[in-house]
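Here's the structure, in structure tokens; my notes come after.
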């Protein structure tokens, strides 16, 4: 079964060191989970790096069995088996059977050819899986009112449909296969599924606290799950613009009682606004006639960035929420596929440079 984790990371610009290029490729395919600290590139890369470097990168089409892999790389039989499973799942190696031995080759006979084949499979499979997800995303223009401020490094798992476990349905399997449940998700843990369902049907951004209440789980666990969805490009974080007036009102009244009118005009930031706006706010605070609706009306002509600054100077923090990253399923799919294409293009570029360095 094909399975690969695509991760966005800075390219090794200008490097011609095959060890550095190979390490970057393995990281970008999510195949190196833990690294040990070492004094050299070779020390830092670990078993998988050593296995490839000493075998199929030297002679891609020789036909390597488990014993040959172990003899060349110094890994135990168990270690070789563990790494070969990952390499076959990711599509880098192809296997044939001769007697009781599995004979392996580097697909296509070169790193760049293997990455090209992996790219074709990953693109087709993810398109299939995201099309299924797109069918259950509700269409809404309202949730796209605010601009996203997300710049999270891209990371998603791509896995072809497999056996659905007992007690699960296709949506549980999809959440797991996209890597949204995490690496060590316990059987029966449906938090990520419940969160995604909540966001799929929501017409507006939802705060972390509201999501934790709705799913009856801890804020920490909810945040970890949401962060995985953000990394996959399916969910994004946005400012809750409709909450600014509420928080500004609270800050005005609190700071006026604690520090007075002069502080509000100077360090409180009201003096930086247009005269008509600042006078309206100060007059309302002084007369105790302000409410959230009046603050909203007064701030309407003020640019959003200036509203954010005002909230900050009053001692508040911009409230953020989370939403599905598009007005409908097709928009979400297109966004994720663009990130995938970018990652795959980088991988193909580095793979070509690695072939040139090896030659």
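Some values worked out for this structure:
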quantity	calculated
Kirkwood hydrodynamic radius over Cα pairs of the range 242-313, then Stokes diffusion coefficient at 10 °C and 1.306 mPa s, in µm²/s	135 µm²/s
Stretch gain in nm, segment residue 279-residue 262, where the contour uses 0.36 nm per residue and the Cα spacing is subtracted	4.9 nm
Relative contact order of the chain, defined on C-alpha pairs under 8 angstrom at six or more residues apart (%)	22 percent
Selected from 342, 294, 86 as most flexible by GNM, with the chain as the system and alpha-carbon contacts under 10 Å	294
Contour minus Cα-Cα distance for residue 135 and residue 306 (0.36 nm per residue)	57.7 nm
On Cα atoms only, tilt of 111-134 relative to the major axis of the chain in degrees	40 degrees
Helix-derived mean residue ellipticity, 222 nm - over the chain, DSSP H n ≥ 4, -39500 (n - 2.57), to 500	-16500 deg cm²/dmol
Å³ per residue enclosed by the Cα convex hull of the chain	180 Å³
Ranked list, fewest to most other Cβ atoms within 10 Å of each Cβ, for 176, 50	50, 176
FRET E, pair residue 342, residue 287, Förster distance 51 Å, beta-carbon r, rounded to 0.05	0.40
Two-site label geometry, residue 246 and residue 216: point separation in nm, points 7 Å out along Cα→Cβ	2.4 nm
Full-stretch length increase - residue 127, residue 151 - with 0.36 nm per residue and alpha-carbon distance subtracted	6.4 nm
Footprinting exposure proxy for 29, 1, 240 (fewest neighbouring C-beta atoms within 10 Å first)	1, 240, 29
Proxy reagent accessibility, fewest Cβ within 10 Å first, across 242, 169	169, 242
From the C-alpha gyration tensor of the range 136-214, square roots of 5λ in Å	25, 15, 13
Label-point gap, in nm, between residue 209 and residue 59 - each point 7 angstrom along Cα→Cβ	6.6 nm
11 Å reach of a label modelled at residue 320, 7 Å along Cα-to-Cβ, counting backbone N of the range 137-155	149-152
Efficiency of FRET between residue 16 and residue 349 - r from beta-carbon atoms, R0 22 angstrom, step 0.05	0.95
Spatial separation of Cα centroids for the range 264-315 and the range 168-197, in angstrom	44 Å
Approximate spin-label separation residue 164-residue 85, in nm, with each point projected 7 Å along Cα-to-Cβ	2.5 nm
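Since every read-out is calculated from the coordinates, none of them should be taken as a lab result. Worth saying up front: this structure is predicted, and the values here are computed from it rather than measured. Methodologically, a virtual Cβ is constructed for each residue, glycine included, from the backbone with ideal geometry; neighbour enumeration extends over all protein chains shown.
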